[in-house]
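Here's the structure, in structure tokens; my notes come after.
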Amino acid sequence: MTKQVFAKLKHAFRMGAPDSEACSWAEIDVTTLWRYKKDNPDFAKEIEHWKNDLVLQSRDVIDDAIRNKKSIADAWLFLRAKRKEEFAEQKNLNIKQGVVTAEDLELAARDGVESDDTMIDRETTGR
């Protein structure tokens with residue numbers, strides 16, 4: 001790979017691009033990247049660092065905003081989209097007693113609600 005390809009890959013990965021998009025940006029086939037990463041484990045580690053760069057910059061913006069009472073809107077939206085498991089609003093369905101119907105489960109699934117302690121009466125739902 002040429003220096004130009006490396007520079008394009010680094011730029012794309014630092015923007016948070018997945019392998020396929022970075023390869024499109026660098027105009028190489030994704031299998032070329034995968035082969036190179038397999039043969040060069042240090043480069044593969046470096047890519048992982050680059051992929052985290054935008055998330056770390058967003059965290060830094062939030063940190064600075066908190067310390068200096070500034071707006072964090074753009075950084076916060078980015079983190080909520082990029083790291084859903086950590087930053088997105090979590091909805092949990094906690095049912096301590098009673099029966100959950102198939103309709104309840106379908107509504108929860110449609111709304112993206114995760115179930116913690118759900119009891120299902122299989123005879124009622126037929127499932």
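The values are calculated or read from the model by the stated rules, or taken from the named source; none is laboratory data. Fair warning: this is a prediction, and the values are worked out from it, not measured in the lab. Don't worry about glycine lacking a Cβ; one is built from the backbone with ideal geometry, like all the others, and counts go over all protein chains shown.
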Mind listing whichever residues of the range 57-92 are of a type in the set (Asp, Glu) and over 17 Å from the mean Cα position of the chain (by Cα)?
-> Asp60, Asp63, Asp64
Hey, among Ala22, Ala7, which residue is touching a His at 6+ places or on another chain (Cβ under 9 Å) and of a type outside the set (Asp, Glu)?
-> Ala22
Test: residue in the range 2-11 that is loosely packed, with under 14 Cβ neighbours inside 10 Å, of a type in the set (Gly, Ala, Ser), over 18 Å from Arg80 (Cβ atoms) and assigned by TED's automatic domain parsing to the domain that holds Arg83 | yes
Give the residues of the range 21-44 that are among the polar types (S, T, N, Q) and surrounded by fewer than 11 Cβ atoms within 10 Å (Cβ to Cβ), sorted by residue number.
-> Thr31
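Could you list, in sequence order, all residues of the range 54-82 that are among the hydroxyl-bearing types (Ser, Thr, Tyr) and exposed (fewer than 11 other Cβ atoms within 10 Å of the Cβ)?
Matches in the range 54-82: Ser71 only.
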Return yes when Ala109 is among the small types (Gly, Ala, Ser), modelled with pLDDT under 90 and touching a helix residue (DSSP H, G or I) at 6+ places or on another chain (Cβ under 7 Å) and no when it is not.
-> no
Regarding Phe78, is this residue at pLDDT below 95 and either of a type in the set (Asp, Glu) or part of a helix (DSSP H, G or I) (or both)?
-> yes
Can you tell me which residue among Phe13, Phe6, Phe43 is hydrophobic (A, V, I, L, M, F, W, C), on the phi < 0 side of the Ramachandran plot and either touching a residue at least 40 places away in the same chain (Cβ under 8 Å) or touching a Gly at 6+ places or on another chain (Cβ under 6 Å) (or both)?
-> Phe13
